[in-house]
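Colleague: Input: one structure, supplied below.
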Amino acid sequence: MYAQKAMSLVSKPCTQGAHVLRRTTRSCRPAAVCRALGSSAASSPKFCSALQNPAAATRSSSVRTLASKPSVNAAAAADAPEAAPTESLPRWDLERWFGFESPYDESIDDKMAELECQCRNFKETFDSKLDTKLYDAIVAYEDIDKTLTTLLSYVMLAADVQMANQDMSKRKAALMQQYSGFSANYLTFFSLQLADLEDDALEVQYKATPELKQYAPFIEDTRRSKPYNLSAEVERALSVRAPFSGKGPVVEYYGKELSYLRFDLDGEEVNLEVILSKMSVSKDAEERSKLMKIVNDGLMKFERTAALSLNMVAGSWHVENNERSFSNLRSSRNLSNNVPDEVVDSLIGSVGSTGVEYCKRFYKLKKDILKATQGLEKFSWADRNAPLSIGTSNDSYTWDEAVEIVRAGYAKFSPVMADMFMDMVKEKRIDVPATNGKRGGAYCAAAWGSGPFQLLNFNGTQRDVATLAHESGHGCHNILSYDQGILQFHPPLTLAEVASIFGEMIVFRDLLDKCPSKEDRLAMLLSKIDDIVNSVVRQVSFDKFEETVHMARANGQLTPEDMNKAWSDAMCQFYGQEGEVFDTYQDTSHLWTYVSHFHNVPFYVYSYAFADLVVGSLYGVYQKSPEGFEDKLLALLRAGGTKDFVTALAPFGLDPSDPEFWQQALDAHLGGLMEEAEDLSKELGYC
């Protein structure tokens with residue numbers, strides 16, 4: 001039953017994600033506070049400034065852009081599934097896992113006061129003494145991290161399901177300000193002095209204290225930032241001011257205002273998640289076009305807020321890049337990902353050439369099939385992700401059905417991951433329904449010591465099931481890597497999305513094997529290609545938009561109109577000029593305004609393309625040599641942040657640092673699926 005209901009269930013969620021916020025060069029803040037809060041997309045970056053909104057960095061579904069997979073055909077809109085009843089869907093039980101009665105629990109304040117004393121003692125004990133007391137200092141620093149992560153993760157997760165609660169917002173802000181103050185005053189010295197520590201002094205301590213070796217990845221990660229660190233006084237000033245000035249409060253305001261947006265749908269005020277969900281399941285081209293216009297028109301009213309925030313982010317990024325002497329726009333992000341600039345440049349270049357060719361080839365095929373099967377006259381942006389009206393797929397899923405689909409897919413590949421997934425479900429670690437006042441999108445927060453926790457906005461769509469598979473991959477990755485300790489459990493972004501995207505891949509392959517007909521197989525293949533194009537080409541087009549905005553920001557502020565043009569230019573560069581593939585790009589001018597990754601984690605988006613192509617290559621290895629593959633993949637995930645991407649992927653015979661890797665990955669991953677889809681389309685007479 002599940003296979004037939006899920007013929008086109010292959011869209012991308014998030015993330016990120018996986019994503020956890022990790023340290024940057026400005027690493028005066030404990031790494032785990034940066035890492036452990038949001039573990040999905042940025043469930044992933046080491047970007048401490050994202051602390052203002054750590055979980056937001058893991059959002060994946062919204063970054064995937066408008067209805068990554070809207071359903072389209074001639075069926076009546078009335079056939080679209082109703083949203084799942086929110087009152088019957090599971091909510092996470094944070095109090096059970098964090099041990100507090102509520103975010104206002106006085107014990108939180110008591111622990112924060114104790115923590116400030118602990119941080120003061122830390123500075124008094126270890127400042128200027130790391131050349132002889134490094135092991136003891138790291139252990140003490142780790143202990144501070146653990147307590148901070150417990151306190152701040154709880155409050156931030158609780159705040160994300162009550163965004164409209166002003167008292168909750170004040171509570172979170174007050175705790176963040178308190179933390180920022182004592183962190184700046186008492187912890188700034190640690191990462192700076194560790195980075196500056198002489199090699200000889202470090203080697204002496206390695207030999208004298210063998211236990212110190214277990215922290216070598218953390219030590220080396222911190223020391224890579226040495227060329228880019230500023231003086232202790234400047235780093236302290238930046239940290240102290242972060243909650244009060246600069247981009248942080250503006251980005252936080254942007255996120256709140258985004259969650260407050262409402263759209264008029266036939267006289268009913270609905271939030272962005274609801275209207276995107278309706279678009280993703282609509283089987284009427286006119287209705288989809290109408291919904292696209294409603295969204296774009298509604299976002300026009302939000303353009304000034306989005307432009308203000310993005311100007312602040314790009315301006316701050318420009319200043320810090322200059323002050324810290326980074327060589328190009330992405331160097332700071334690449335450093336935090338532990339990946340050389342040239343590897344990222346190679347990825348972006350390959351996607352911008354070969355990836356774009358596959359993208360145009362795919363949409364031309366889809367355009368032909370839509371014309372042949374549904375009589376579509378004009379191929380618009382609203383039709384971009386449209387699943388075809390072929391096969392026996394169903395667009396509506398209950399929560400229990402979604403859980404069973406993901407469980408079955410995971411179990412076929414890895415019973416270990418399937419058990420972890422079911423534990424997350426049973427232990428109330430997933431906040432499921434799409435409700436007003438809840439942060440949009442989806443993420444998995446690592447919350448080391450208490451987590452993981454998933455935030456979803458489940459409406460029963462195909463995309464929602466794929467999102468569950470994706471975020472659960474992050475959760476499994478977190479659980480497996482927790483043993484590395486709070487300072488080293490989270491991988492670099494280049495590997496942070498591997499488990500999540502692999503989770504989607506194994507669910508897709510399980511469903512593909514169960515297809516009852518060639519029509520169903522074609523429908524699934526096309527949906528998966530949709531997914532890969534969104535994850536690879538779409539994300540690199542986002543990166544291009546960011547690049548344009550950031551480069552222009554160096555010469556002054558950008559207007560919303562400037563950003564609209566940058567968005568349009570990136571769209572044409574990656575999808576073709578209007579009329580080449582898409583007949584119209586109508587009602588797309590303001591879609592950039594709700595991609596929160598631009599604000600929370602600049603230049604993060606390429607990690608989706610990186611991970612998707614790596615996972616495609618990994619799955620190719622699995623298909624050729626399945627024996628022992630599960631153990632090797634679980635070992636990669638268990639390593640957390642203790643291995644760089646080259647070392648982690650070496651057991652699979654993969655080397656993304658090879659300039660030929662990305663070209664080969666695109667041909668094998670995307671090209672292979674394209675060839676099968678084209679052959680099936682011809683065989684079935686659709687083109």
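Colleague: Based on the mean of other Cβ atoms within 10 Å per residue, sort peptides 145-157, 595-607 so the most packed one is first.
Modeller: Values: 145-157: 23.2, 595-607: 27.8.
Packing proxy ranking, top to bottom: 595-607, 145-157.
Colleague: Could you do me a favour and compute the accessible area per residue for region 545-687, 1.4 Å probe, result in Å²?
Modeller: On the way: 5450 Å² over 143 residues.
Ligands and nucleic acids excluded, the result is 38 Å² per residue.
Colleague: Okay, moving on. Counting DSSP beta bridges with both partners in the chain, what percentage is antiparallel, nearest 5?
Modeller: 60
Colleague: For every other residue with a beta carbon closer than 13 angstrom to the beta carbon of Leu670, add +1 if it is Lys or Arg and -1 if Asp or Glu, then tell me the sum. Present the calculation step by step, with values, prior to reporting the outcome.
Modeller: Working: positive: Lys360, Arg361, Lys528, Arg538; negative: Glu357, Asp530, Asp531, Asp612, Asp667, Glu675, Glu676, Glu678.
Its environment carries a net charge of -4.
Colleague: Seen from all sides and averaged, what is the projected area of the convex hull of the Cα atoms in region 318-432, in nm²? Write down the numbers at each step before the final one.
Modeller: Working: hull surface 51.9 nm².
Approximately 13.0 nm², given one-decimal rounding.
Colleague: Within straight cross-link reach of Lys207, meaning Cα distance under 21 Å, which lysines are found once same-chain residues fewer than 8 apart are removed?
Modeller: Result set, ordered by chain and number: Lys129, Lys133.
Colleague: Turning to a different aspect of this structure: Place a +1 charge on the Cβ of each Lys and Arg in region 250-323 and a -1 charge on the Cβ of each Asp and Glu, then give the dipole magnitude about the Cα centre in debye, rounded to the nearest 20. Don't jump to the answer; show the numbers that get you there.
Modeller: Values: 9 positive and 14 negative charges, 27 e Å.
Dipole about the Cα centre, nearest 20: 140 debye.
Colleague: Now for a different question. Given H placed on each backbone N at 1.01 Å, which residues far from Arg262 in sequence or on other chains put an amide H within less than 5 Å of it?
Modeller: Here the answer is none, since no amide H 5 or more places off falls under 5 Å of that of Arg262.
Colleague: Once amide H atoms are built 1.01 Å from N in the peptide plane, which residues 5 or more positions from Phe458, or in another chain, come under 5 Å H to H?
Modeller: The list, which skips near neighbours in sequence, is Ala434.
Colleague: Taking all protein chains as present, what is the carbon and sulfur share of the accessible area of region 462-514, in % to the nearest whole number, probe 1.4 Å? If you can, show how the numbers build up before the last one.
Modeller: Values: 320 of 760 Å².
Roughly 42 percent of what the probe reaches on region 462-514 is carbon or sulfur.
Colleague: Treating cross-link reach as a plain straight distance, find the aspartates and glutamates whose alpha-carbon is under 12 Å from the alpha-carbon of Lys366, omitting any fewer than eight places away in the same chain.
Modeller: Asp383, Asp530, Glu678
Colleague: Sticking with this one: Between region 338-417 and region 611-687, what is the separation of their alpha carbon centroids in Å?
Modeller: 16
Colleague: Read through the labelled values (1) 39.8; (2) 80.1; (3) 26.7 and report the label of the one computed as mean projected area of the Cα convex hull in nm² from the structure.
Modeller: The listed entry that was calculated here is (3).
Colleague: Then there's this: If you plug each phi of region 508-513 into the Karplus form 6.51 cos²θ - 1.76 cosθ + 1.60 with θ = phi - 60°, what whole-Hz ³J(HN,Hα) values come out, in order, with x for Gly and Pro?
Modeller: Per residue, the Karplus-derived 3J(HN,Hα) values read 4, 5, 4, 5, 4, 5 Hz.
Colleague: In addition: So between Ser231 and Glu198, what do we pick up on full extension, going 0.36 nm a residue minus the alpha carbon distance?
Modeller: Numbers: separation 33, 0.36 × 33 = 11.88 nm, distance 1.72 nm.
Full extension from Ser231 to Glu198 adds 10.2 nm.
Colleague: From the residues Asn564, Ala650, Ser346, which one has its Cα farthest along the dipole of the chain in the positive direction, the dipole being from +1 and -1 charges on Cβ of Lys/Arg and Asp/Glu about the Cα centre?
Modeller: In the chain, that residue is Asn564.
Colleague: Which of rounded, prolate or oblate describes region 496-556 when judged by the alpha-carbon gyration tensor and an a/c cut-off of 1.5?
Modeller: oblate
Colleague: How large is ³J(HN,Hα), in whole Hz, for each residue of region 453-470 in order, when computed from phi with the Karplus curve 6.51 cos²θ - 1.76 cosθ + 1.60 and θ = phi - 60°, using x for Gly and Pro?
Modeller: Values per residue, Gly and Pro as x: 9, 10, 10, 10, 10, 7, 10, x, 8, 4, 4, 5, 5, 5, 4, 4, 4, 5 Hz.
Colleague: Accessible area per residue, 1.4 Å probe, Å², for region 158-279: what's the number?
Modeller: Values: 5460 Å² over 122 residues.
Per residue, region 158-279 has an accessible area of 45 Å².
Colleague: Give the carbon-plus-sulfur fraction of the accessible surface of region 254-382 in %, rounded to a whole number; probe 1.4 Å, heavy atoms of protein chains only. Write out the running numbers ahead of the final one.
Modeller: Numbers: 2400 of 5110 Å².
C and S fraction of accessible area: 47 percent.
Colleague: Could you give me the ³J(HN,Hα) list for region 104-109, computed from phi with Karplus coefficients 6.51, -1.76, 1.60 and θ = phi - 60°, whole Hz, x at Gly and Pro?
Modeller: 9, 3, 5, 5, 5, 5
Colleague: Another question, if that's okay. In cubic angstrom, how much convex hull volume per residue do the alpha carbon atoms of region 499-618 span?
Modeller: For region 499-618, the hull spanned by Cα atoms encloses 133 Å³ per residue.
Colleague: Could you give the accessible area per residue of region 300-429, probe 1.4 Å, as a whole number in Å²? Present the calculation step by step, with values, prior to reporting the outcome.
Modeller: On the way: 5010 Å² over 130 residues.
Ligands and nucleic acids excluded, the result is 39 Å² per residue.
Colleague: Further question on the same structure: Take region 93-192, drop everything but the C-alpha atoms, weight them equally and run the Debye formula without solvent; then report log10 I(q)/I(0) at 0.13, 0.15, 0.17, 0.18 Å⁻¹ to two decimals.
Modeller: -0.51, -0.64, -0.78, -0.84
Colleague: For Lys412, give me every one of the lysines with a C-alpha distance below 27 angstrom, ignoring sequence neighbours fewer than eight places off in its own chain.
Modeller: Lys412 reaches Lys5, Lys12, Lys69, Lys426, Lys428, Lys514, Lys518, Lys528, Lys624, Lys632.
The values are calculated or read from the model by the stated rules, or taken from the named source; none is laboratory data. A quick note: this is a predicted structure, and the numbers were derived from the prediction, not measured. We place every Cβ from the backbone using ideal geometry, glycine too, and count neighbours over all the protein chains shown. Remember, those area values only see protein heavy atoms, side chains included, never the ligands or the DNA or RNA. Shrake-Rupley method; radii C 1.70, N 1.55, O 1.52, S 1.80 Å.
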